[in-house]
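Q: Quick one: the structure is below, and I'll ask about it shortly.
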Amino acid sequence: MSSTQAKSRSSLARTTPPFSLTDKQVEANRFLAGSQRHKGLIGGARSGKTFLLMRAVGVRALRADETRHAVLRFRGNAVRSSIALDTLPKVFRLCFPGVVLKEHRQDGFFELPNGSQIWLGGLDDKDRVEKILGQEFLTMYFNECSQIPYSSVLVARTRLAQVHPQVAQRAYYDLNPSGTGHWTYHEFIEGRDPQSRAPLANKQDFGHFFLNPKDNAANLSKEFLASLEALPEKQRKRFLEGRYVAEVDGALWTIDGLERCRWDEEPFKPGDYRLGRIVIGVDPSGAFAPEDKRSDEIGICAVGKLRDGRAVVLEDATLRAGPSTWARMVSNLFEKWGADCVVAEINFGGAMVESTLQTENKSMPVKVVTASRGKHVRAEPISTLYDKGLVVHAGRFPELEDQMTNFSTAGYVGERSPDRADAMIWAMSELMLGDTFDPNKWSKAFGD
């Protein structure tokens, strides 16, 4: 045995972590030691899934000298910020003390003392993907699968082919469960091919384990768990209960589709050079005060246009309040982002809406619009922009996104008015469609 190999074995022997796993996480580790080739950890936010899987990757890399292991996300910048700069060094510091990781940033991998390599990449980067998938790997870890298209996974799996005499090939997956139309639901839960829906010929190769925030309560704050409890029903099922959510037939937006539009780069700030025109969308209601629970909320949403032509949802400031209060919120948002104009629907309140806004801020340009067609008709061209990759979300907007996923080609199926979504749609229409927007002939806006 070489000195490098001896050092590797010695390092692996010292992997007893200076922390304790919860009972459920111990069960998850036993599951990861099982015989299935494809293993998925599925569940809510902050349940420890990524940490456990990165630890498993580290164990395998240390046991199998001079082998390669890939960690893949949808976007390359996300895998660097979340894995390279956070989880990976944390896992090695806590679980493998004394093992030094050498980063080859230009090439996209970390090297261990035994010659093994952990590669990091985004499946949205064609050049990096070709560089990574030009090699064979002993382990592949697909991180945040709700964002990763099945076609990308199929291509990557062809490189799960490196052979080692003692360590078998493994593919790991994790995600906050999205909609029941997602490929992970068909493959891991139903045991069916995501494309043909036929039963998997190798169903025994697929295993899954549910792991949720309450299973990791010892490592989380009570305030964080309470914030998950307070989420809207769909988001609560995903991020707290770790359950797949049934999707609306003919949905204009799906959960996994919204996951793929997350902005993973530097957060936006007022005055950001990357932003061009900014519009504040407003969908008023008849509320007269915060305690007026019978009335819908007043939808207020800030949407900007990036220099590259895409739109970005910047902020959802929706609230339930009387006219003077919500007009002040609109004015504050307008000033905060340095917006160009406000677009407000006047179906409810008529001229009062424009008057209320301009009384609050006389220098604020207000464009009033009237809804003459169904909400889903206005929503369809905006959903097409999302499908084309022309919209991103600067963060998570649970209440807004919950309303969006209740839009279908047949209408809106949510319990109350989609005030947040309406405000976003009005602002997005002004920014991205402008005068071309005709709800009756919306496909012309795209040259179809």
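Q: Residues being closer than 22 Å to ARG46 by Cα and either assigned to a helix (DSSP H, G or I) or open to solvent by less than 20 Å² (accessible area, probe 1.4 Å) (or both): count how many of those fall in the stretch 231-257.
A: Qualifying residue count for the region: 13.
Q: Whether any residue in the stretch 313-335 is open to solvent by less than 40 Å² (accessible area, probe 1.4 Å), of a type in the set (Gly, Ala, Ser) and touching a residue at least 40 places away in the same chain (Cβ under 8 Å) is what I want to check.
A: Scanning the stretch 313-335 turns up no residue that is open to solvent by less than 40 Å² (accessible area, probe 1.4 Å), of a type in the set (Gly, Ala, Ser) and touching a residue at least 40 places away in the same chain (Cβ under 8 Å).
Q: Okay, moving on. Could you grab me the full set of residues in the stretch 361-403 that are open to solvent by 60 Å² or more (accessible area, probe 1.4 Å), at pLDDT 90 or above and touching a Pro at 6+ places or on another chain (Cβ under 9 Å)?
A: The answer is GLU399, and nothing else.
Q: Restricting attention to the stretch 78-95, report how many residues are closer than 22 Å to GLN135 by Cβ and open to solvent by 20 Å² or more (accessible area, probe 1.4 Å).
A: The qualifying residues number 1.
Q: Sticking with this one: Of GLY40, GLY44, GLY58, which residue is modelled with pLDDT under 95, among the small types (Gly, Ala, Ser) and crowded, with 22+ Cβ neighbours inside 10 Å?
A: Going through GLY40, GLY44, GLY58 in turn, the sole match is GLY44.
Q: Looking at ARG80, ARG93, can you tell me which residue is part of a helix (DSSP H, G or I) and more than 28 Å from GLY257 (Cα to Cα)?
A: Just a single option satisfies the conditions, and that option is ARG93.
Q: Still on this model: Regarding GLY98, is this residue open to solvent by 10 Å² or more (accessible area, probe 1.4 Å), touching a residue at least 40 places away in the same chain (Cβ under 8 Å), assigned to a loop (DSSP other than H, G, I, E, B) and closer than 16 Å to ALA70 by Cα?
A: So GLY98 fails the test.
Q: Something else: Which pairs have Cβ atoms under 9 Å, sit 6 or more apart or on different chains, and link a residue in the stretch 196-214 that is within 19 Å of GLY181 (Cα to Cα) and open to solvent by 40 Å² or more (accessible area, probe 1.4 Å) to one that is modelled with pLDDT of 95 or more and of a type in the set (Phe, Trp, Tyr)?
A: Every condition considered, the pairs that remain are HIS208/PHE31; HIS208/TYR173; HIS208/PHE188.
The values are calculated or read from the model by the stated rules, or taken from the named source; none is laboratory data. Keep in mind that what you see is a predicted model, and the values were worked out from it rather than measured. Every residue, glycine as well, gets a Cβ built from its backbone with ideal geometry; the counts of neighbours run over all protein chains shown. Note: accessible area is taken over every heavy atom of the protein model, side chains too, but ligands, DNA and RNA are not part of it. Shrake-Rupley method; radii C 1.70, N 1.55, O 1.52, S 1.80 Å.
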